[in-house]
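Visitor: Following this message is one structure expressed as structure tokens.
The values are calculated or read from the model by the stated rules, or taken from the named source; none is laboratory data. As the structure is a computational prediction, the values presented were derived from the model and not from experiment. Reconstructed Cβ throughout: ideal geometry from the backbone, glycine too, with neighbour counts over all protein chains shown.
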Amino acid sequence: MEMVWINLALGFFTLAAIVVALVLGILYGVSFLAGWGALARNYRADEAAFKGSLLEEARPWQVWVGPVRYRNIVRILIYEYGVELRNAMPFLPPLFFRWEDIHGYGPSKMLLIARQPHEFYVDDRRILFTAKIQALEERLGNRL
């Protein structure tokens, strides 16, 4: 009887390990597809780096990085020296883009019913979000 419980426990832990590995693999694949990981190689936010004063914080309903949409988990922080994206998923590091790295800011041509999305580009990767951020308008409005 004891051997049956040991086999059941081993089977349960094996199944749990497979499920955890599968979920982490899917989440890593999504981050790879979105390009978040590629952007992190060059634009990982350094907590010790001086970003200037915080001008505005936004929590858009949706944020796209490349083809992948993140819903209600990305914060956009506008600093004196650039823009930071913070993702609530623990394995995706925050990204910091200096103003000179950002180009193509403006309203997106993507049609959403409820909100007009805005976008900008970093290294030819589109970052699109469903919020109008006043500090971005003031800083990048002339770079359309």
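Yes or no, residue by residue, for (1) touching a Leu at 6+ places or on another chain (Cβ under 8 Å); (2) modelled with pLDDT of 85 or more:
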| site | (1), (2) |
| --- | --- |
| Ala49 | no, no |
| Leu55 | no, yes |
| Arg69 | no, no |
| Arg75 | yes, yes |
| Pro107 | no, no |
| Ile113 | no, no |
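Visitor: Could you tell me how many of the residues in the stretch 33-62 are within 19 Å of Lys132 (Cα to Cα) and touching a Ser or Thr at 6+ places or on another chain (Cβ under 8 Å)?
Guide: Number of matching residues: 3.
Visitor: Would you pick out the residues in the stretch 86-103 that are at pLDDT below 85 and surrounded by fewer than 19 Cβ atoms within 10 Å (Cβ to Cβ)?
Guide: Listed by number, the residues that qualify are Met89, Pro90, Phe91.
Visitor: Select, from Glu84, Glu57, Glu47, Glu100, the only residue that is of a type in the set (Asp, Glu) and in a helix (DSSP H, G or I).
Guide: Glu100
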